[in-house]
Amino acid sequence: MVAACLLVVAWLLVGAWLLVVADVDRRTGRIPNTLVLPAVVGTAAVAAALPAVGGGAVTLALPYAAAFTVHACGGGDVKFAVPCGGLLADPLTALGAVLVAALIAATTTVVTRRRRVPHGPALAVATGLMLCL
């Protein structure tokens, strides 16, 4: 019973963190290091013991790193992708999150008629959706 309660609390904290990062990026267009670097370090530490976490982190972060090189997203998006992929802990699920996030961002761009939209909210929603599957 205690373990189940702790698991629920952990998922609520993860959900709250995803929402906070998404909201800050939505409002400011930036993802502060203070919100993501501790999660990046934690992901790296867990990945040392659980390779699936590392596989998910790398799979989700690589497309964002490539997009960063052509100025299609910011460095905060790349850093945010690392723990999001680690949470998914599966390369195929992480790849699905990349596709879902791209679809959300593209749809947001069309609906809002803006050339650029923050990627953090799309990545947070995609991660949350893929965690539920």
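Please treat every number below as a calculation from the coordinates, not as lab data. The model shown is predicted, which means the values in this text are computed figures rather than measured ones. Counting neighbours? That spans all protein chains shown, and the Cβs are built from the backbone with ideal geometry, glycine included.
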| Whole-Hz ³J(HN,Hα) from phi, Karplus 6.51 cos²θ - 1.76 cosθ + 1.60, for the range 14-26, glycine and proline x | 4, x, 5, 4, 4, 5, 5, 4, 4, 5, 4, 5, 4
| Average Cα contact separation per residue, the chain, under 8 Å, 6 or more apart, as relative contact order % | 28 percent
| note | For Cys73, the residues 5 or more places away or on another chain with a placed amide H closer than 5 Å to its own amide H are Phe68
| task | Apply 1/(1 + (r/R0)^6) to the Cβ-Cβ distance of Leu7 and Leu99, taking R0 = 30 Å, and write down the FRET efficiency to the nearest 0.05. | result | 0.60
| task | Calculate the length of the line joining the C-alpha centroid of the range 76-116 to that of the range 1-32, in whole Å. | result | 16 Å
| What net charge is computed for the residues neighbouring Lys79, neighbours being all others with C-beta under 12 Å from the C-beta of Lys79, Lys and Arg scored +1, Asp and Glu -1? | -1
